[in-house]
Amino acid sequence: MEKLKKLKFNIKTIIKTFFIVFFITCFSIILIQRVRGKVPTLFNLSVFVVVSDSMFPLYEVDDVILVSHPDPSKIKKGDDITYNGVEGDFAGKVITHRVVEEPWEVDGVVHFQTQGIKQFASLDPEITEEQYIGKVVGKLSILTVCFKVLTSTLGFIFVVAIPMIILLV
């Protein structure tokens, strides 16, 4: 009986240690990438938060989306991609829009024509693979809920502030 308790304790300790090391490693990788000015990527995936309704009803404001990083030549018409805007209203922003024409190549550089699905009249400025970040894999509903709770005042108070006060006391 005593050996069984020790075995359970050892297994729990190993699992806890693994998860702590895993999360610290992931956090460190993301932090280093942020400091270097790169898009934080882990296991070839990045997470972004939607900040406009241009892709409504597919993605709503504050939805958390998961973006993979396939080669730009693999992108097809109908894919939703994330890219760095460089012209007009898009300058300096990270945009997620749908590819509305088959991508084409000019001098070995892939070009895309994109548009928000809510905006039927105007196309985005043409983008190139230098601006391309990745392809949207999907929406992460659980992270969207967590993000919305943590960014609300009451959510922050109940999920972060109160537990920290209790821990400090």
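The values are calculated or read from the model by the stated rules, or taken from the named source; none is laboratory data. The structure displayed is predicted, hence computed values, not measured ones. Note that each Cβ is placed from the backbone with ideal geometry, even for glycine, and that neighbours are counted across all protein chains shown. Heads up: the accessible areas ignore ligands, DNA and RNA and are worked out on the full protein's heavy atoms, side chains in. Shrake-Rupley method; radii C 1.70, N 1.55, O 1.52, S 1.80 Å.
Could you please tell me which pairs satisfy a Cβ distance under 9 Å, a separation of 6+ or placement on different chains, a first residue in the range 38-51 that is of a type in the set (S, T, N, Q), and a second residue that is open to solvent by less than 60 Å² (accessible area, probe 1.4 Å) and in a loop (DSSP other than H, G, I, E, B)?
So the pair list comes out as 41/69; 44/69; 44/70; 46/39; 46/40; 46/69.
From (1) touching a Lys or Arg at 6+ places or on another chain (Cβ under 8 Å); (2) within 20 Å of residue 40 (Cα to Cα); (3) open to solvent by 30 Å² or more (accessible area, probe 1.4 Å), pick out the condition that doesn't hold for residue 78.
(2)
State all residues of the range 128-169 that are in contact with a Gly (Cβ under 8 Å, 6 or more places away or on another chain) and closer than 17 Å to residue 85 by Cβ; if no residue qualifies, say none.
We begin by selecting, within the range 128-169, every residue in contact with a Gly (Cβ under 8 Å, 6 or more places away or on another chain); these are 131, 148-149.
Within the range 128-169, 131 is the sole residue that qualifies.
Residue check: is residue 136 assigned to a helix (DSSP H, G or I) and either out of contact with any helix residue (DSSP H, G or I) (no Cβ under 8 Å at 6 or more places or on another chain) or without any contact (Cβ under 8 Å) to a residue 40 or more places away in the chain (or both)?
Here the answer is no, as residue 136 does not meet what is asked.
Take residue 80 and tell me if it is at pLDDT 95 or above and closer than 29 Å to residue 147 by Cβ.
For residue 80, the condition - at pLDDT 95 or above and closer than 29 Å to residue 147 by Cβ - is met.
Does residue 102 satisfy the condition of being open to solvent by 60 Å² or more (accessible area, probe 1.4 Å), among the acidic types (Asp, Glu) and in contact with a strand residue (DSSP E or B) (Cβ under 9 Å, 6 or more places away or on another chain)?
no
Take the range 81-99 and flag every residue that is assigned to a loop (DSSP other than H, G, I, E, B), open to solvent by 20 Å² or more (accessible area, probe 1.4 Å) and under 18 Å from residue 112 (Cβ atoms).
86, 87, 91, 93 - these are the residues of the range 81-99 that are assigned to a loop (DSSP other than H, G, I, E, B), open to solvent by 20 Å² or more (accessible area, probe 1.4 Å) and under 18 Å from residue 112 (Cβ atoms).
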